[in-house]
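Worksheet: the structure to be examined is printed underneath.
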Amino acid sequence: MSAGKLRNSFKGAASAAPFFPTLLDQMPNAIVVFEAQNQQLVYVNQSAESALDLSRKSLEGQSVHDLFGENEALASMISEVSHGHVATQRQEMLLHSVPGSIHQGTVPAHVVIASLEDPSLIMMEWFPIDQQLRSERDERVTQQVEANKQLMRNLAHEIKNPLGGIRGAAQLLEFELSEKGLHEYTQVIIKESDRLQSLVDRLLAPHRKAHVIEAFNVHEALERVRSLVLAEFPKGLRIIRNYDTSLPDVMGDREQLIQATLNIVHNAAQALSEEIRLGVAQIELKTRVARSVTIAKHRYKLAMDLHVIDNGPGIPEEIIERIFFPLVSGREGGSGLGLTLAQTFVQQHQGFIACDSRPGRTDFHIQIPYRKQEKTS
């Protein structure tokens, strides 16, 4: 059924009916409309496209069963409504995601099945019930990370001055020492002081440099990241492009967002050492447009959605909740600053960064709002 036929199928107020699908497109929750008899989809709103990670065109001809598989609770709700026993059914359940979706596995969701004025059509609406919990968790983590970053910046400033004095004293001592063999010890002091100075500089770096705001193509930035990482890991690693080329340009600091993504992709490549040795390592760079998103309690119509997905061993459970904290690293010899800096850069663009990890699949998710194209509420 075409969109035009669908509009004609919605009955009710004559003036409002033609615009009903347009209104549904503005709804933040995922909504699909399907035929009661064969459950074939006739309409999918924009939020459902985002939730299913599939376009309307690719969803044409599919049924509710194709999307969510065998689900007795869902089938029972549809049956009750389609047979006219009730007008609306609401229930919390586990929805199995469509194959190929970025949200693999099951999603705890609140599902609403409702009849329409046209008895041959049924509407299904759903939203993740952990959305509010996730929002509260993200806000709490952001506050904790910000407190830790403030502490680290204060410590960095406190360390910086005496560190310079230690290095200078070691240089003077080396100059005064007549026995050349003792220079080995002063060199240890100087080199370790330089290493700590470099660490301090990295802690302070995001707050020293002014933003250079410009419009840029995110895929050009990702191609730069891809070429840099592949130059370091030329064998055994595939970096897969999964780009939505219709994405508009992002307004932001191009170099900062390149650095943020590079830190994530480089960390992923280092974690894939065993997979690289076996020649099966892969990192996927996936871009999409996200609609009707909420970031830090602000609502945006559109956002750039970026996923960095690898097939590595996953992040250890004991540090997964702290990976964005300064000096937390799951890799021996890691500084624990790469993800902290990535989060800082993303947050400076009013975006968010999150991670979902399990053995065989780690997904770093970045969203940057298109601030010039929408209002916040």
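The values are calculated or read from the model by the stated rules, or taken from the named source; none is laboratory data. Quantities reported herein were computed from a predicted structural model and do not represent experimental measurements. Note that we place each Cβ from the backbone using ideal geometry, even for glycine, and neighbour counts take in every protein chain shown.
Can you tell me which residues in the range 235-247 are surrounded by fewer than 19 Cβ atoms within 10 Å (Cβ to Cβ) and either of a type in the set (G, A, S) or farther than 14 Å from L222 by Cβ (or both)?
Answer for the range 235-247, where residues must be surrounded by fewer than 19 Cβ atoms within 10 Å (Cβ to Cβ) and either of a type in the set (G, A, S) or farther than 14 Å from L222 by Cβ (or both): K235, G236, R238, S246.
At pLDDT 75 or above and under 16 Å from N71 (Cβ atoms): does that describe V112?
Yes: the conditions hold for V112.
What is the residue count in the range 335-365 for residues that are under 17 Å from I258 (Cβ atoms) and basic (K, R)?
Counting residues in the range 335-365 that are under 17 Å from I258 (Cβ atoms) and basic (K, R) gives 0.
Output yes when any residue across the range 260-276 is acidic (D, E) and touching a Ser or Thr at 6+ places or on another chain (Cβ under 6 Å), and no when none is.
Checking the range 260-276: not a single residue is acidic (D, E) and touching a Ser or Thr at 6+ places or on another chain (Cβ under 6 Å).
Looking only at residues that are under 18 Å from the mean Cα position of the chain (by Cα) and touching a residue at least 60 places away in the same chain (Cβ under 8 Å) in the range 264-273, which one is surrounded by the fewest Cβ atoms within 10 Å (Cβ to Cβ)?
H266
Got a number for residues in the range 248-263 being β-branched (V, I, T) and crowded, with 22+ Cβ neighbours inside 10 Å?
2
Scan the range 174-201 residue by residue and report those that are among the polar types (S, T, N, Q) and part of a helix (DSSP H, G or I).
T186, Q187, S193, Q197, S198
Does any residue of the range 351-358 turn out to be at pLDDT below 90, crowded, with 20+ Cβ neighbours inside 10 Å and over 18 Å from H266 (Cβ atoms)?
yes
With the condition kept exactly as written, say whether any residue in the range 243-266 is of a type in the set (K, R) and not in a helix (DSSP H, G or I).
Checked against the condition, which is being of a type in the set (K, R) and not in a helix (DSSP H, G or I), the range 243-266 yields no hits at all.
Only one of these is among the acidic types (D, E) and within 30 Å of M27 (Cα to Cα): D305, D310. Name it.
Step by step, each of D305, D310 is checked, and only D305 is among the acidic types (D, E) and within 30 Å of M27 (Cα to Cα).
Among the residues of the range 328-350, write down those that are modelled with pLDDT of 65 or more, of a type in the set (A, V, I, L, M) and within 18 Å of Q270 (Cβ to Cβ).
L337, L339, L341, A342
Tell me, which strands (runs of 3 or more DSSP E) wholly within the range 1-106 include 3 or more residues that are surrounded by 15 or more Cβ atoms within 10 Å (Cβ to Cβ), touching a strand residue (DSSP E or B) at 6+ places or on another chain (Cβ under 9 Å) and modelled with pLDDT of 85 or more?
Answer list for the range 1-106: 30-35, 41-44.
Would you say I276 is modelled with pLDDT of 85 or more and not in a loop (DSSP other than H, G, I, E, B)?
Answer is yes for this residue.
Only residues that are surrounded by 20 or more Cβ atoms within 10 Å (Cβ to Cβ) and under 9 Å from E284 (Cβ atoms): list them for the range 297-308, please.
Listed by number, the list holds a single entry, V308.
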